[in-house]
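Asker: Okay, here's the structure, questions in a sec.
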């Protein structure tokens, strides 16, 4: 390994020191409920956007003569 580093003009890096992080505190029930409401609202927006996209596709999809459902 040392030969490879010398040939390629590289130096061996010193190991990095570990950084100790504090564990996040437990969330209160109220905070958990608040966060779940935010997630639920975002999911409802996604579902509504999907429904709207489906409505747009239904109105704007042009069937060609070679489509399997062109006669419907």
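The values are calculated or read from the model by the stated rules, or taken from the named source; none is laboratory data. Everything numeric in this text was worked out from a predicted model, so none of it was measured. All Cβ positions, even for glycine, are placed from backbone atoms using ideal geometry, and neighbour counts span all protein chains on display.
Asker: For region 27-34, state whether one or more residues are modelled with pLDDT of 90 or more, exposed (fewer than 10 other Cβ atoms within 10 Å of the Cβ), part of a helix (DSSP H, G or I) and over 25 Å from the mean Cα position of the chain (by Cα).
Answerer: yes
Asker: Does residue 16 satisfy the criteria of being part of a loop (DSSP other than H, G, I, E, B) and either touching a helix residue (DSSP H, G or I) at 6+ places or on another chain (Cβ under 7 Å) or surrounded by 10 or more Cβ atoms within 10 Å (Cβ to Cβ) (or both)? Before you say what the answer is, go through the steps one by one.
Answerer: On the way: part of a loop (DSSP other than H, G, I, E, B): yes; either touching a helix residue (DSSP H, G or I) at 6+ places or on another chain (Cβ under 7 Å) or surrounded by 10 or more Cβ atoms within 10 Å (Cβ to Cβ) (or both): no.
Criteria not met by residue 16.
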